[in-house]
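Let me begin by presenting the structure, written as C-alpha cells, before commenting on it.
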Amino acid sequence: MTLFGSAFNGKRVLVTGHTGFKGAWLCEWLLGLGAEVTGLSLPPQTDPSLFAEVGLARRLRHVIGDIQDPAVLTKAVRECKPDFVFHLAAQALVRQSYVRPSETFNVNAMGTLHLLEALRNLKKPCAAVFVTTDKCYENREWHHGYREDDKLGGRDPYSASKAAAELIIASYRDSFFQDHPVKIASSRAGNVIGGGDWALDRIVPDCIAALRKKKPVPVRNARATRPWQHVLEPLSGYLWLAASLAETKLRRCELPLLTSAFNFGPNHDANRTVAELVEEILKYWPGRWEDKTNPAAPHEAGLLQLSTDKAYALLRWFPIWSFSEAVAGTVDWYRNSQQLSGAKEFQKQTQAQIAQYIDCARAQRAPWTTLP
C-alpha cells in the first residue's frame, strides 16, 4: 500500500498559498503522490523562493490570484473541481501584522471565509484542510501544551486574525457543512523550519543569510520558547487528516470527530528557546550569534507549546524527527543548495529529503505509511 492509502493518486488538489515556503513543500510532496495540483496564490513574496527554485510553475496548474477577492476563489473551485483542498494562503508574519493589520485580517480571516463560501457551492465530495497556526490560542504563557478546546485569542493582529479564522471555520462547519459533500477540518501547527524558507523576520533565514556572509547571527528574542518542527512534520499531518476525511477505509474514528481542529506539533523536548535553536544550527554551520533584543519591539509571545494528544488518539499521528534531526536536515538543505544550479537539481534535493523523512516514518511504523 502506498502512502496515505493512495488517497491522492490521480486526484485533483487545490492548494492556496502554493508559492509560499510551506505551500511549495506540500505541492512537491503531492506531485510525488500522483496528484493533479492546482495552486492559487500571489506571486512568490521572497527572492529567492523555494517555489521558483524547484520549478513548480511548470509542473502544476499555476494560478495567480488574491484570496481577498471572493470571485477569484469561486472561479478556482469551479474550474478545479477539487477532490482535496489545502488552504495555506496567509499573511504569515507576526511583525508584519503590526505594519499591515488591516491586510492581515482581510487575508487571514476574510480570505478563509471566501474559500468556505466557494466550497459551499461545490456539489461533489471533497476533503478540505484549513491551516491556521498554534498562535490562535489565547497565550497565557503556560508550561503545558495548548489543547484544541482551549480558549482562542491573540494579542497581536496576526494571532487574532488566525483565531478569527478558526471561529469562522467552526461556524461554517456547524452551519453549512454538516450534511454537505465537502468535509472540513482545521490544523494548527507549531513553528516550522526547513530548507527553502527565505522569509524576512524568521530566525532560520536570518541565520542562513548571516552565516553565508560569515557575519554574526542577529537574534532579537533569544529567550522565547517555541515548538520547533521540520516542515514535513505538519505536512504529513495535513495529508493524513485529509486522506482520513476522504477515505472511509482509512478512518480510525467516526467522521464527526475528524471534522474539527487538530494540533500538529513536535515532541515536548523540541520546545526550545530561540537561542537553543541558533546554537543547534551552529553545530552544523559554525559561526556565532549576537543578542539583538529590543525592549521597545512589538510584543511577541515568550512561551508557546502544543499538545498533540488528539492527533495521536484519533489519527495515530506522531512526529518523526527529533529536534536535532529537524535542524540537521534544515541546515543540510541550505548548505548543499550553495552548489546547486537549476530547478532539476533543487527538485532532486527536495525530493530526496522527503524520501528520507518517509524512510524514517516507515521505520517508526507511522500509520500513513502502513495499512490501517
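Dipole check for the range 30-94: with +1 at the C-beta of Lys and Arg, -1 at the C-beta of Asp and Glu, and the Cα centre as origin, the magnitude is about 200 Debye. For the range 171-230, the convex hull drawn through the C-alpha positions has a volume of 139 cubic angstrom per residue. Here Asn267 and Glu247 are evaluated by their C-beta separation; at R0 = 30 Å the FRET efficiency comes out at 0.65. Each of His230, His180, His62 has its accessible area taken with a 1.4 Å probe; listed largest first, they run His62, His180, His230. Relative contact order of the range 118-160: 37 percent, from C-alpha pairs under 8 Å at least 6 residues apart in sequence. Distance distribution note for the range 157-292: the fraction of Cα pairs above 23 angstrom is 48%. The chain: D in µm²/s via Stokes-Einstein (Kirkwood Rh, Cα pairs, 4 °C, 1.567 mPa s)? Stokes-Einstein gives a translational diffusion coefficient of 63 µm²/s. Ratio to report: Rg/Rh of the range 20-103, with Cα atoms as the point set and Rh obtained by the Kirkwood method; give two decimals. Here the Rg-to-Rh quotient is 0.97. Counting other Cβ atoms within 10 Å, which GluC sites (Glu not before Pro) in the range 238-298 have at most 14 and lie in a DSSP loop? When the GluC sites (Glu not before Pro) of the range 238-298 are filtered for loop state and at most 14 Cβ neighbours within 10 Å, Glu254 remain. Amide H contacts for Asn191 (H built 1.01 Å from N in the peptide plane; partners 5 or more residues away or on another chain; cut-off under 5 Å): Gln229. Would the range 221-277 count as rounded, prolate or oblate if I go by the C-alpha gyration tensor, calling it rounded below 1.5 in a/c and otherwise prolate when a/b exceeds b/c, oblate otherwise? Prolate, because a/c is 1.5 or more and a/b exceeds b/c.
Using a probe radius of 1.4 angstrom, the carbon and sulfur fraction of the accessible surface of the range 75-183 is 51%. Partners of Lys292 within straight-line reach, counting aspartates and glutamates whose Cα lies under 19 Å from its Cα and excluding those fewer than 8 residues away in the same chain: Asp201, Asp206, Glu276, Glu279, Glu280, Glu300.
DSSP assigns beta bridges within the chain; of those with both partners inside it, close to 10 percent run antiparallel.
Translational diffusion of the range 47-188, estimated by Stokes-Einstein from the Kirkwood radius over alpha carbon pairs at 25 °C in a medium of 0.890 mPa s, is 151 µm² per second. The range 72-141 and the range 326-357 have Cα centres lying 29 Å from one another. What the phi angles of the range 347-355 give under the Karplus curve with 6.51, -1.76 and 1.60, with θ = phi - 60°, is a coupling list of 4, 4, 5, 5, 5, 5, 6, 4, 4 Hz, glycine and proline written as x.
Within straight-line reach of Lys81, meaning a Cα separation under 18 Å, sit the following lysines at least 8 residues removed in sequence or on another chain: Lys11, Lys123, Lys124, Lys183. Summing Cβ point charges (Lys, Arg +1; Asp, Glu -1) relative to the Cα centre of the chain gives a dipole of roughly 580 debye. Averaging the sequence gap over all C-alpha pairs within less than 8 Å and six or more residues apart, then dividing by the number of residues, gives the range 261-372 a relative contact order of 33 percent. Charge dipole of the range 1-160 (Cα centre as origin; +1 on each Lys and Arg Cβ, -1 on each Asp and Glu Cβ, all else neutral): 480 debye, rounded to the nearest 20. For the range 153-271, DSSP calls about 10 percent of its internal beta bridges antiparallel. The Cβ shell under 13 Å around Pro48 holds other residues with a net charge of -2, Lys and Arg each +1, Asp and Glu each -1.
Coupling constants for the range 311-317 follow from the phi torsions by the Karplus curve (6.51 cos²θ - 1.76 cosθ + 1.60, θ = phi - 60°), and in residue order they are 4, 6, 5, 9, 10, 6, 7 Hz; glycine and proline get x.
Name the trypsin sites (Lys or Arg not before Pro) in the range 239-276 that are in a loop by DSSP and that have at most 14 other C-beta atoms within 10 Å, would you? Filter output for the range 239-276: Arg252. Residue farthest toward the positive end of the dipole of the range 121-176, with Cβ of Lys/Arg at +1 and Asp/Glu at -1: which of Trp142, Phe176, Tyr158? The residue sitting farthest along the positive end of the dipole is Phe176. Sequentially through the range 15-30, phi angles give Karplus couplings (6.51, -1.76, 1.60; θ = phi - 60°) of 10, 8, x, 6, 8, x, 4, 5, x, 5, 4, 4, 5, 4, 5, 4 Hz, Gly and Pro residues having no value and appearing as x.
Distances over 20 Å make up what percent of all Cα-Cα pairs in the range 280-372? The calculated P(r) of the range 280-372 puts 60 percent of pairs beyond 20 Å.
Cβ under 11 Å from Val327's Cβ, Val327 left aside: what net charge do those residues give with Lys, Arg +1 and Asp, Glu -1? With Lys, Arg at +1 and Asp, Glu at -1, the net is -3.
Just from its helices, what would the mean residue ellipticity at 222 nm be for the chain, if runs of 4 or more DSSP H residues each count -39500 (n - 2.57) and the sum is divided by every residue, rounded to the nearest 500 deg cm²/dmol? Computed mean residue ellipticity for the chain: -12000 deg cm²/dmol.
Taking only the alpha carbons of the range 252-294, we obtain Rg and Dmax values of 18.3, 51 Å in that order. If you filter the range 140-236 for GluC sites (Glu not before Pro), then keep DSSP loop positions with at most 16 other Cβ within 10 Å, what is left? Taking the range 140-236 and a limit of 16 other Cβ atoms within 10 Å, the loop GluC sites (Glu not before Pro) found are Glu141.
Distance between the 7 Å Cα→Cβ label points at Lys215 and Asn9: 5.0 nm.
The values are calculated or read from the model by the stated rules, or taken from the named source; none is laboratory data. Note that the coordinates shown come from a computational prediction; the quantities given were computed from them, not determined experimentally. Virtual Cβ from ideal backbone geometry, glycine too; neighbours counted across all protein chains shown. For accessibility, only protein heavy atoms count, side chains too; no ligands or nucleic acids. Shrake-Rupley method; radii C 1.70, N 1.55, O 1.52, S 1.80 Å.
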